[in-house]
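Reading through the structure tokens given below for one structure.
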Amino acid sequence: MRIAVIGTGKIGGSLGAQWRAAGHDVFFGGRTASGDGPGGAPVVPIADALIDADVVLLAVPGKVAADVVSANSDALDGKIIIDATNNIGAPEVNCRAAVTANVPNAHYARAFNSLGYENFVSPPAGACLFFAADPDARTAVEELITVTGLEPAFVGDGSAASIVDGVAALWFALVRQSGGNRKLAFRVVR
């Protein structure tokens with residue numbers, strides 16, 4: 001897949017590097033071009049990263065996610081958009097409303113927001129990542145979760161984003177209760 005990772009921070013950087021190592025064509029989108037990013041993938045302006053992308057990972061601060069989506073709505077049309085943002089303190093933590101309003105033909109998914117990046121770099125054995133995805137996005141998102149070494153745990157279509165947000169809130173609470181230990185994940189026992 002050709003993947004545009006919008007954001008070069010810990011979430012975007014760790015996932016982009018892993019996806020590139022797995023053979024995907026990764027471009028990091030930033031405010032300006034700045035050479036190579038995590039894993040050696042190029043950092044280019046957001047508009048350039050979106051060209052021909054199959055999948056877009058939104059890994060920017062939650063408070064700017066809606067602006068990024070709005071400013072790039074034409075380039076995002078028809079793409080799989082994975083929302084990894086967390087707009088802490090806002091009425092909605094995810095940016096699903098911004099995606100559906102600005103890019104109605106996008107295939108929305110909510111994933112990679114409910115665990116710390118440490119779990120994407122080195123996941124605990126048997127750990128799951130809960131996600132929601134529209135039908136046309138599900139297979140790609142499951143593949144990208146699996147590449148990280150986590151087991152995909154599907155909770156429903158894009159409208160189930162708030163369920164994934166509940167998992168994120170639980171993760172944050174457990175991290176606080178365990179003295180800030182971010183190397184904490186979930187497992188589904190069947």
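The values are calculated or read from the model by the stated rules, or taken from the named source; none is laboratory data. Here the structure is a predicted model, which means the values were calculated and not measured. With ideal geometry, Cβ positions are generated from the backbone for all residues, glycine too; neighbour counts draw on all protein chains shown.
Quick notes on this structure:
- Residue list for the stretch 8-17, filter: surrounded by fewer than 20 Cβ atoms within 10 Å (Cβ to Cβ) and among the small types (Gly, Ala, Ser): Gly9
- Test set (1) surrounded by fewer than 22 Cβ atoms within 10 Å (Cβ to Cβ); (2) under 25 Å from Asp25 (Cβ atoms); (3) at pLDDT below 95 - Gly78 fails condition number: (3)
- Residues in the stretch 88-109 that are assigned to a loop (DSSP other than H, G, I, E, B), surrounded by 19 or more Cβ atoms within 10 Å (Cβ to Cβ) and within 16 Å of the chain's Cα centre (by Cα): Val93, Asn94, Cys95, Ala106.
- Residue in the stretch 158-179 that is buried (at least 16 other Cβ atoms within 10 Å of the Cβ) and touching an Asp or Glu at 6+ places or on another chain (Cβ under 6 Å) present: yes
- The stretch 145-178, residues that are under 21 Å from Ile3 (Cβ atoms), outside any helix (DSSP H, G or I) and not aliphatic (A, V, I, L, M): Thr148, Gly149, Glu151, Pro152, Phe154
- Applying the set (1) touching a Leu at 6+ places or on another chain (Cβ under 6 Å); (2) under 25 Å from Ala90 (Cβ atoms) to Ala127 leaves exactly one unmet item: (2).
- Annotation note: of Phe130, Phe112, the sole residue that is touching a residue at least 12 places away in the same chain (Cβ under 8 Å) and either in a helix (DSSP H, G or I) or under 26 Å from Ser70 (Cα atoms) (or both) is Phe112.
- Scanning the stretch 70-87 for residues that are within 14 Å of the chain's Cα centre (by Cα) and aliphatic (A, V, I, L, M) yields Ile80, Ile81, Ile82, Ala84.
- Output for the stretch 18-70, where each listed residue is assigned to a helix (DSSP H, G or I), out of contact with any helix residue (DSSP H, G or I) (no Cβ under 8 Å at 6 or more places or on another chain) and surrounded by fewer than 19 Cβ atoms within 10 Å (Cβ to Cβ): Asp48, Lys63, Val64, Asp67
- The residue that is nearest to the chain's Cα centre (by Cα), among those in the stretch 153-190 that are under 16 Å from Ala125 (Cβ atoms) and of a type outside the set (Lys, Arg), is Ala153.
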